[in-house]
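Working notes, structure below.
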Amino acid sequence: MAEIRLEALKKDFDEVHALRSLDLVIRDHEFMVLLGPSGCGKTTLLRLIAGIEKPTDGRVCFDGEDMNGIEPMHRNVAMVFQNFGLYPHLNVFKNIAFPLQSLKWKPDAIEAKVKETAERLDITHILNRKPRQLSGGQKQRTALARAMVRDPAVFLFDEPLSNLDPKMRVEIRDLIAELHRSLKTTFVYVTHDQGEAMQLADRIVVMEEGMIRQIGTPAEIYNEPNSVYVAGFVGNPQMNFYAARMSDRDGECVVKFMGTEFTVPKSLIPEEQYRNESGKKIIAAVRPEDFRLIPDTEEAAKYHFEAAVRKIVTMGAGLYTELEAGGVVFTAVFQNHTEIAEGSTVTVHLDPSRIHLFDSESKLSVRTLARPEVTSDGTL
Ligand code: ATP
């Protein structure tokens, strides 16, 4: 059992405010990913949970028990680092055995546990090797084994895939996902890679400058980003942002951008907002993959518009394009596409329900503005 509760948690390094009064609940058995750019405070948060750093203010609680004053080794947590953190002079066996020796386990119990764990991670054949004789993937498997032997209640991962080549990254990522499923413990995982976060997380915490910007499942973060910041951080290629204008037309909200008027569903914006602020500027945003390319054979229909093809960059299965419509340049990725050429004009469709709307001043989603704030347990 390990539910982690952070209450008004704050960490200053002299004048640097690494974490600014943060409230968060990480549920028992949850795979929680801390996502954000370099310097936003992800590692500091992980180190506070581990007990390697002391908070300036606030509390870290495990299952309701205040951890302030409890040393890292007594918190029942294990940490896995991007640089593996192996002891270079010890072989793989001794590296894995190290935490158990510190706990004064008997030699035969240590041997049994190390062998069982090594088998599970498929590293039995390298137990006699020193870290310098290992590939990056083997080093990270060894580090995972060393973290696992104590059966910790919480695993903390600090960018564990960063020093691996792309193929190995996928392999170790899948291994970590599988370990989470089988070990049924709480995982807290730091990354600045949104793809990794989307693939691994039960829930994601998006951070900026020592603050939480949004907490949600990968689908919630992707489909309902609560701010321009989150919308721009998650998604590849990045979401398109447009300076648009909204107006009230017979009780419906019409938003104009790319030279086209879109009547957006009422679920995207509170009615009083577009009624009271008709004519006001608003930020509209669309994910590149939400545009659809219309074949020449298809009849003209609502929300079809013409776009000039400025650039084509083919990427894997999708066709990645830079288009221009109504004087604005944007990115579109088409899955089912026919041949199109740079310099040509294409017909594109956008379903208005795929539009995201943000307040021009606060940069917050107008949908979120109509909702209750994030509560202290991190749920909406
Ligand atoms: P990265 O992805 O680059 O590791 P991060 O999101 O993990 O970044 P942190 O390492 O937690 O960010 O750092 C948050 C802020 O605190 C940064 O401004 C960093 O420079 C500062 N910081 C972190 N540790 C210390 C320290 N020991 N002394 C002084 N400042 C620190």
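For the reader, a short list of remarks on this structure follows.
- If you check ILE70, ILE96, ILE123, ILE110 for being under 30 Å from CYS40 (Cβ atoms) and either assigned by TED's automatic domain parsing to the domain that holds ASP23 or surrounded by 13 or more Cβ atoms within 10 Å (Cβ to Cβ) (or both), only one passes: ILE70.
- For PRO152, the requirement of being in a loop (DSSP other than H, G, I, E, B), touching a Phe, Trp or Tyr at 6+ places or on another chain (Cβ under 8 Å), open to solvent by less than 10 Å² (accessible area, probe 1.4 Å) and not β-branched (Val, Ile, Thr) is not met.
- Residues in segment 13-24 that are more than 9 Å from the ligand (Cβ to nearest atom) and open to solvent by 10 Å² or more (accessible area, probe 1.4 Å): GLU15, ARG20, SER21, ASP23.
- Being surrounded by fewer than 21 Cβ atoms within 10 Å (Cβ to Cβ) and either farther than 19 Å from ARG367 by Cα or touching a Cys at 6+ places or on another chain (Cβ under 6 Å) (or both) is a description that applies to ASN236.
- Scan of segment 45-84 for residues that are at positive phi and over 24 Å from the mean Cα position of the chain (by Cα), ordered by number: GLY58, ASP63, GLY64, GLY69, ASN76
- Residue, nearest to VAL230 (Cα to Cα), within segment 25-46, restricted to residues that are surrounded by 21 or more Cβ atoms within 10 Å (Cβ to Cβ) and more than 6 Å from the ligand (Cβ to nearest atom): LEU35
- Residue match in segment 105-116 (condition: within 16 Å of the ligand (Cβ to nearest atom), part of a loop (DSSP other than H, G, I, E, B) and more than 29 Å from ASN163 (Cα to Cα)): no
- Of all residues in segment 155-184, those satisfying the criterion of being open to solvent by 40 Å² or more (accessible area, probe 1.4 Å) and within 16 Å of the ligand (Cβ to nearest atom) are SER162, ASN163.
- Residue that is least open to solvent (accessible area, probe 1.4 Å) [pool: residues in segment 223-233 that are part of a helix (DSSP H, G or I) and in contact (Cβ under 8 Å) with a residue 40 or more places away in the chain]: ALA231
The values are calculated or read from the model by the stated rules, or taken from the named source; none is laboratory data. Just so it is clear, the model here is predicted, and its values are computed rather than measured. Here Cβ is always computed from backbone atoms with ideal geometry, including for glycine, and neighbour counts include all displayed protein chains. SASA here: full protein model, heavy atoms, side chains in, ligands and nucleic acids out. Shrake-Rupley method; radii C 1.70, N 1.55, O 1.52, S 1.80 Å.
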